[in-house]
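Novice: After the structure tokens below, expect a handful of questions from me.
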Amino acid sequence: MLSSPMSVDALASLVEAIFLRAGVDAVQAAPIARVVVAGERDACKSHGIYRVAGCLATVKAGKVAPAAVPELKDEGGGIIRVEAKGGFSNAAFEMGVPALVERARELGLAALVINDCVHFAALWPEIEALTAHGLAALAMCPSYSTVAPAGGSEPLFGTNPFAFGWPRPDGDPYVFDFATSVIARGDIEIYRREGRPMPEGWAIDAEGAPTTDPHAALSGALLPFGGHKGSAIATMIELLAGPMIGDLTSPEALDLLGGTTRFAPKHGELILAFDPARFAAGRGTDPFARAEGLFEAILGQSARLPSQRRYAARAEALANGVPLSEAELAELERLYEHGLAAVE
Ligand code: NDP
Ligand code: PYC
């Protein structure tokens, strides 16, 4: 049952207050609240307010440093690093953005490396933070082993999200953001909570047999999207956002976490920013105008662009509030009242 919609600002204040009351330092609480509320506002339920309890459980279990203050390490080159020091990734990302934007403009491309961060979030808020500056961007990170490689049957990769954005002069950017598993694990947890079977083709059980039972899927393995192609992209993400940046792979993150619980895993993240105008310089063409032609051609076939659903949900939420069920509201109130005592 739906309660009255809550304004985006009111929801953001409530979520931030939950984190602050639970002992998360203000440096981290505000960025986490921004990301979680953006997910709920844009109808991305798997990474919206549903994640608040998991974050608190991660704090309670001592698997994240709630008072960590990230540290920027910028030597003026194309690689900017932020050490999250065991805190959530979100404050570390926000700290790195100004240097990343400045360097991408100066050099044409630049990378932001985040090390030692606890990661639970969707990547598109980060992509949008860069497209807002007229930059194209890629973001990726491992997670913890829950996905079998194509042809295998044991969890190895994380759900390894991969996101891309391209700025558009007169509107919302082109953004895609997806797990490299068929579906994010968060969605499977929502199926489990709602007691619904999942569609076929998402997962295998612990014996390697196809399953539509979310319980069996969560104790078995998810499948990569697109068979061997998704498997290869998941491998690339493990390499680029794991060993290449001196951080953990998904199997290593799982070892550190000690199991596939609702706790968020610790690992690194890689974000790349490109200045399209710099790349196209001297070619006598406008990359942004040409991109518009491509988007129009997609839309001209009545296909939709990724993020269109999300932007529509955002417009609705900004105008009329974020729709929350009575159960969701009660859960937020419980977390506000009882803090860490409210989570296992
Ligand atoms: P979805 O499959 O729901 O969506 C993936 C992307 O495809 C979105 O950009 C979506 O846009 C777009 N899309 C969906 N349907 C269409 C369509 N018919 N035509 C064009 N575009 C379409 O996402 P996932 O379940 O794979 O991932 C959900 C979230 O989980 C992501 O935000 C990801 O970052 C996050 N995640 C985070 C992890 C972490 O470790 N931090 C791990 C795994 C996932 P739209 O939103 O508009 O529908
Ligand atoms: O939904 O797969 C997921 C996920 C893993 C870590 C954060 N989100």
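The values are calculated or read from the model by the stated rules, or taken from the named source; none is laboratory data. What you see is a predicted model; the values in this text were computed from it and never measured. Cβ placement follows ideal geometry from the backbone for every residue including glycine, while neighbour counts extend to all protein chains displayed.
Per-residue answers, yes or no, for (1) crowded, with 24+ Cβ neighbours inside 10 Å; (2) touching a Ser or Thr at 6+ places or on another chain (Cβ under 7 Å):
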| site | (1), (2) |
| --- | --- |
| 134 | no, no |
| 138 | no, no |
| 141 | yes, no |
| 160 | yes, yes |
| 171 | no, no |
| 184 | no, yes |
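Novice: Just checking, how many residues over region 215-237 are part of a helix (DSSP H, G or I), away from ligand 2 (no atom under 13 Å from the Cβ) and either hydroxyl-bearing (Ser, Thr, Tyr) or crowded, with 16+ Cβ neighbours inside 10 Å (or both)?
Specialist: Start the filter on region 215-237 by keeping residues that are part of a helix (DSSP H, G or I), which leaves 215-219, 228-237.
Narrowing further to those that are away from ligand 2 (no atom under 13 Å from the Cβ): 215-216, 219, 228-233, 235-236.
Going one step further and asking which of them are either hydroxyl-bearing (Ser, Thr, Tyr) or crowded, with 16+ Cβ neighbours inside 10 Å (or both), we end up with 216, 219, 230-231, 233, 235.
So the answer is 6.
Novice: Mind checking which residues of region 290-300 are among the small types (Gly, Ala, Ser), exposed (fewer than 13 other Cβ atoms within 10 Å of the Cβ) and either within 18 Å of residue 137 (Cα to Cα) or in contact with a strand residue (DSSP E or B) (Cβ under 9 Å, 6 or more places away or on another chain) (or both)?
Specialist: Within region 290-300, no residue meets the criteria.
Novice: If I filter region 1-23 down to residues being out of contact with any strand residue (DSSP E or B) (no Cβ under 8 Å at 6 or more places or on another chain) and part of a loop (DSSP other than H, G, I, E, B), which single residue comes out as farthest from residue 341 (Cα to Cα)?
Specialist: 4
Residue by residue, here is whether (1) within 11 Å of residue 271 (Cβ to Cβ); (2) touching a helix residue (DSSP H, G or I) at 6+ places or on another chain (Cβ under 6 Å); (3) of a type outside the set (D, E, K, R); (4) not assigned by TED's automatic domain parsing to the domain that holds residue 43 holds:
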{"residue": "80", "(1), (2), (3), (4)": "yes, yes, yes, yes"}
{"residue": "84", "(1), (2), (3), (4)": "no, yes, yes, yes"}
{"residue": "89", "(1), (2), (3), (4)": "yes, no, yes, yes"}
{"residue": "94", "(1), (2), (3), (4)": "no, yes, no, yes"}
{"residue": "106", "(1), (2), (3), (4)": "no, no, no, yes"}
{"residue": "113", "(1), (2), (3), (4)": "yes, yes, yes, yes"}
{"residue": "124", "(1), (2), (3), (4)": "no, no, yes, yes"}
{"residue": "129", "(1), (2), (3), (4)": "yes, yes, yes, yes"}
{"residue": "132", "(1), (2), (3), (4)": "no, no, yes, yes"}
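Novice: One residue is enough: does region 271-287 have a residue meeting the conditions surrounded by 17 or more Cβ atoms within 10 Å (Cβ to Cβ), in the same structural domain as residue 91 (by TED's automatic domain parsing) and within 15 Å of ligand 1 (Cβ to nearest atom)?
Specialist: Taking every residue of region 271-287 in turn, at least one turns out to be surrounded by 17 or more Cβ atoms within 10 Å (Cβ to Cβ), in the same structural domain as residue 91 (by TED's automatic domain parsing) and within 15 Å of ligand 1 (Cβ to nearest atom).
Novice: Then there's this: Looking at this structure, is residue 177 buried (at least 20 other Cβ atoms within 10 Å of the Cβ) and acidic (Asp, Glu)?
Specialist: For residue 177, the condition - buried (at least 20 other Cβ atoms within 10 Å of the Cβ) and acidic (Asp, Glu) - is met.
Novice: Does any residue of region 201-214 turn out to be part of a helix (DSSP H, G or I) and free of Cβ contacts under 8 Å to residues at least 12 places away in the same chain?
Specialist: So the first thing to find is which residues in region 201-214 are part of a helix (DSSP H, G or I), and the list is 214.
Those left that are additionally free of Cβ contacts under 8 Å to residues at least 12 places away in the same chain: none.
No, every residue in region 201-214 fails to be part of a helix (DSSP H, G or I) and free of Cβ contacts under 8 Å to residues at least 12 places away in the same chain.
Novice: At least 1 residues that are over 14 Å from the mean Cα position of the chain (by Cα) and within 16 Å of ligand 1 (Cβ to nearest atom) in each: list the strands (runs of 3 or more DSSP E) lying fully within region 73-191 that qualify.
Specialist: 109-118, 136-140, 162-166, 174-178
Novice: Looking only at region 31-72, count how many residues are within 13 Å of residue 264 (Cβ to Cβ), part of a loop (DSSP other than H, G, I, E, B) and within 16 Å of ligand 1 (Cβ to nearest atom).
Specialist: So the answer is 2.
Novice: Enumerate the helices (runs of 4 or more DSSP H) found wholly within region 239-344, keeping only those where 3 or more residues are over 23 Å from residue 130 (Cβ atoms) and at pLDDT 95 or above.
Specialist: Where helices (runs of 4 or more DSSP H) fall fully within region 239-344 and carry at least 3 residues being over 23 Å from residue 130 (Cβ atoms) and at pLDDT 95 or above, they are 250-257, 287-300, 308-320, 326-338.
Novice: Consider residue 177 against the criteria (1) assigned by TED's automatic domain parsing to the domain that holds residue 145; (2) more than 13 Å from ligand 2 (Cβ to nearest atom): it satisfies all of them except one. Which criterion is unmet?
Specialist: (2)
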